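Take a look at the structure below.
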Amino acid sequence: MALQIDDDYPEVLALIARTAYDWMTDKLKLEHQVASVYAFELAEEVRDVIGGSAPYIPKANSWVLSKRDREIYRRFTGDNYAQLARELDLTEMRIRQIVEKARKADISARQTPLF
């Protein structure tokens, strides 16, 4: 069953409501009626908070990638470059670069400056 939205409801709010509805029915397994109510309530909350403005919503690719990179570093055991490359559909060289960058960031975060 799909979420029913009036044709004159603002497009961006309809997109928010549909996305919320799909997520609630898929991930939370909420029933249609309950998810519909919450989806519209969420869209209306967004309207109340940012209504009348046109905020830029970034794709946040750098955050997603850094999250992925942190996960790669967490899973790195010292000798599993090839395994990680196969699992993540990356080259072994790219895994090595990610691990080295994450290692430097980890060391930098734990070391206190001398001066």
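One table, with the values for the structure above:
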| item | result |
| --- | --- |
| One residue from Lys101, Lys59 being out of contact with any Lys or Arg (no Cβ under 8 Å at 6 or more places or on another chain), loosely packed, with under 10 Cβ neighbours inside 10 Å and of a type in the set (D, E, K, R) | Lys59 |
| Which listed residue, of Asp69, Asp48, is over 19 Å from the mean Cα position of the chain (by Cα) and among the acidic types (Asp, Glu) | Asp48 |
| Residue in the stretch 16-40 that is farthest from Ile57 (Cα to Cα), counting only those that are in contact with a helix residue (DSSP H, G or I) (Cβ under 9 Å, 6 or more places away or on another chain) and among the acidic types (Asp, Glu) | Glu31 |
| Single match in Leu3, Leu13 (criterion: surrounded by 14 or more Cβ atoms within 10 Å (Cβ to Cβ), within 20 Å of Ile57 (Cβ to Cβ) and free of Cβ contacts under 8 Å to residues at least 40 places away in the same chain) | Leu13 |
| Residues of the stretch 31-61 satisfying the condition of being among the aliphatic types (A, V, I, L, M) and over 18 Å from Asp6 (Cβ atoms) | Val34, Val49, Ile50, Ala54, Ile57, Ala60 |
| Every pair of residues 6+ apart whose Cβ atoms lie under 9 Å, when the first sits in the stretch 85-109 and is without any contact (Cβ under 8 Å) to a residue 40 or more places away in the chain while the second is β-branched (Val, Ile, Thr) and outside any helix (DSSP H, G or I) | Ala85/Thr91 |
| Every residue from the stretch 28-59 that is at pLDDT 95 or above and among the polar types (S, T, N, Q) | Gln33, Ser36 |
| Helices (runs of 4 or more DSSP H) completely within the stretch 1-95 that count 2 or more residues being within 30 Å of Ala105 (Cβ to Cβ) | 61-75, 81-88 |
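The values are calculated or read from the model by the stated rules, or taken from the named source; none is laboratory data. Small disclaimer: the values here were computed from a predicted structure and weren't measured. All Cβ positions, even for glycine, are placed from backbone atoms using ideal geometry, and neighbour counts span all protein chains on display.
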